[in-house]
1. Within the stretch 58-66, can one find any residue that is surrounded by fewer than 10 Cβ atoms within 10 Å (Cβ to Cβ) and not hydroxyl-bearing (S, T, Y)?
2. Of everything in the stretch 32-42 that's of a type outside the set (V, I, T) and loosely packed, with under 13 Cβ neighbours inside 10 Å, which residue is modelled with the highest pLDDT?
3. Kindly indicate the residue of the stretch 43-80 that is farther than 28 Å from V27 by Cβ and among the β-branched types (V, I, T) and also modelled with the lowest pLDDT among those meeting that condition.
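The values are calculated or read from the model by the stated rules, or taken from the named source; none is laboratory data. Quick caveat, the model's predicted, so the values are computed rather than measured. Cβ placement follows ideal geometry from the backbone for every residue including glycine, while neighbour counts extend to all protein chains displayed.
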Amino acid sequence: MKAFGWLLIVAGTVATLFFFFLFDTGVAVPGGFGVFSRVNNLGLMGDRQSGILISLAALIIGVLLVLFAQKKSPPPLAPGDGEPVNYQATLPEFAKREPVSEKRLRAILEKQKAPK
């Protein structure tokens, strides 16, 4: 989560700077005598404002993710200062045995049911 937060911070900062400094809201219109002049386009001004707001929101969310992201806890150490755990030793006896097929299990049960 922390890495995603940093990604949002960088992307939000770059986008905010782009919309604030480089996004042009002017449009060239023909003037008199073949000279072009520039006027501000309200649609482009709205796009600029939306871009700045969305990129600032991404920046703020990224900062919050970085600040409140929980650190990954290290995996629990095995008994004996990091020695590998023998999981077979912790299993109950019935789980250590090899699995029995259904056919073999029926044969075992039939033997037990037969009178001696």
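1. Within the stretch 58-66 (the criterion being surrounded by fewer than 10 Cβ atoms within 10 Å (Cβ to Cβ) and not hydroxyl-bearing (S, T, Y)), the answer is no, since none of the residues qualifies.
2. L42
3. V66
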